[in-house]
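A quick write-up on the structure given underneath.
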C-alpha cells in the first residue's frame, strides 16, 4: 500500500471514530459519599483540576441543596471556562430557578433535572401516579429549556422502570427540549448485557431518540459500574457520567479513570475518542483523595499504589525482559513516574540482582547467592523490603569482614537524681578509646559518648525500639537511621539491655556509613518511618 493510500485509510478510520463525552460528577454525586463533603476552596481546586483533565461536563453541585452548594456552583461557573458547567435540579420550579441562577455566569451551562420513574420509587418515595410523573417531566424540562439551551433529563431508577413508561417519558422529555437523556442505574442493579439491552431498546423504540445524546450513569453496588458504563457506550450511548476514584454514594460511581483508560487501552474493541488528558489522571486522583480523606485502595485499577507494582518473581522477571509482558498500559500514560518492582518474599533472583545493579553494586556469583539468601530471610519477616534494607544486607557482609568500629564496654548512670552519664569504650581501627558523656537521658548520653569518640556530622533521623520476645527479660532490638550528605544508612542492634542494643545499633550505622563513604551508591533510599526493623 502506498503512503497516500495509507493516509487515506487512516483518515477514513478517524472519521468513523465517535466522541464519547465525559460528564464528571465528583463534585455532586461524589460529594454525597458519607464523610466526603468539601468546602468552597477545595471544590474550586477540584474544578480546575477537572478542566486540566479535559472533562467535557462538570456537574458542579445541587444548587438548591444548600447555600454552600449554590455558592460552589456559582463560583465554579465563574472560574472554569472550557467545560460545560452543570447544576442538578429536581422536577420543581424552585429547584430549576435556583440552578439557573447559580449557572448564570457560566460560559457554557446545563441544567440537569430528574424525577423517579420506577414503580417502587413512584409509590414509596414520590407517592405519585405515573400520570403525575409524566406531567412533572413535561413541566420541568420545558421550564429548564426556557432558561438554558442545554438540558439533561434523567429518569431516576431507570433500570427498574417499566419499559413502556420509560420510553414514553424519554420521548416526552426530548419533545420538550432535552438535549441529553441520562439512563441511571441508580442502585447498581444491572449486569452489563442487561444494561446494554436497555440502551438498545430505547434507541429502537423512542422515535425522536436521535435528537438527544444518550448518557449512562452507573452505580457500583455490585462492582459493575464501569462494566455497565462501557456496555452502554457500546450499545450507543455517547456520554458517560463518572467520578474520580469512583467516589459516590454507597459503593460509589463508575470510576472516570477506569472508563477512560479502558477505552484508550482497548480502542480496538471500543473505537471512540475521549478528550481526557490521561497524564493528569494520577494527579487528579491524589487531589481528590487528599481533599476528601478517602484513601485509594492499594489494588485500585489505574490509580492504586500497586497498579504498576510487581512483586511476584515470575512477573518481575517478565517485566525486566519486556514491560508488555505484564503491563497493558504504561504508568507514564496516567501520570505515574515509573513501574515499581517491589522486593518481597515472592521476588526472584533476577529482580534482586537488577535492584543491586541499579544501586551500584556488582556482586560475584557467590556473594550474590549469600546476599539473596539473607534477603529472602529478611523478606519473610517484613512485608516490604526497602532499598536501605538491601544496602544494609550487602554492607553487613563487608562490615563483618572489616569492622572498623566495635563496642567494647558501656556503663550508664541513670535515674531521677543527678545527670545521666554514659562511660563508653570503643575499639576504633584496632585502638581502644574511652570517654564519659552526659545527656538528656541515658540513650542521649550514650550517643553523645559515641560521637565524642568518633566525631561525625551524620544526623540521627530515627531511633526505634521494639521487644523481640515477651517479658521483662525480653531481648530489645533497636534500629537507627542516620543521614550524611544525602547518604542514608541503617543500623541495628539486639541485646537484653536496651541501652547496649542502642549503642550497638548506633555503632553499626557508623560502620555502614564508613562503607558508604568508600562506595558510589545512589543516595535515594526509599525508607518509610516505622518500617525499619519491623
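What follows is calculated from the coordinates using simple rules that are stated; it is not laboratory data. These numbers were taken from a predicted model, which means no experiment stands behind them. Neighbour counts run over all protein chains shown; Cβ positions are idealised from the backbone, glycine included.
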Extension reserve of the residue 429-residue 417 stretch, reckoned as 0.36 nm per residue once the Cα distance is removed: 0.7 nm
Estimated translational D of region 400-518 in µm²/s (Stokes, Kirkwood radius over Cα pairs; 25 °C; 0.890 mPa s): 169
Order of 161, 26, 434, 423 under a 10 Å beta carbon neighbour criterion, fewest first: 434, 423, 161, 26
Spin-label pair residue 146/residue 71, simplified geometry with 7 Å Cα→Cβ offset, distance in nm: 3.2
Residue 362-residue 517 pseudo-label distance in nm [points 7 Å out on the Cα-to-Cβ vector]: 2.5
Region 83-122: equivalent-ellipsoid semi-axes (sqrt of 5 x gyration tensor eigenvalues, Cα, Å): 24, 11, 4
Euclidean distance of C-alpha centroids, region 129-154 and region 60-94, integer Å: 18
Segment residue 496-residue 39, extension gain: residue separation times 0.36 nm, minus the distance between their alpha carbons: 159.3 nm
D_trans [Stokes-Einstein, Kirkwood Rh over alpha-carbon pairs] for region 60-162, 10 °C, 1.306 mPa s, µm² s⁻¹: 114
Principal axes of region 115-171: Cα extent on each, largest first, Å: 32, 19, 15
Computed P(r) (all Cα pairs; region 19-292; 5 Å bins; percent): 1, 6, 14, 18, 21, 19, 13, 6, 2, 0
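What translational diffusion coefficient, to the nearest whole µm²/s, does region 251-308 have by Stokes-Einstein, given a Kirkwood radius computed over alpha-carbon pairs, a temperature of 4 °C and 1.567 mPa s viscosity?
So the translational diffusion coefficient is about 105 µm²/s.
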Whole-number percent relative contact order across region 110-172, with pairs defined as alpha carbons under 8 Å at least 6 apart: 49
For peptides 63-69, 237-243, sequence by mean Cβ density within 10 Å, most packed first: 237-243, 63-69
Projected area, mean over directions - region 12-79, Cα convex hull, nm²: 5.6
Projected label distance in nm at residue 234 and residue 330, using a 7 Å step from Cα toward the beta-carbon: 2.8
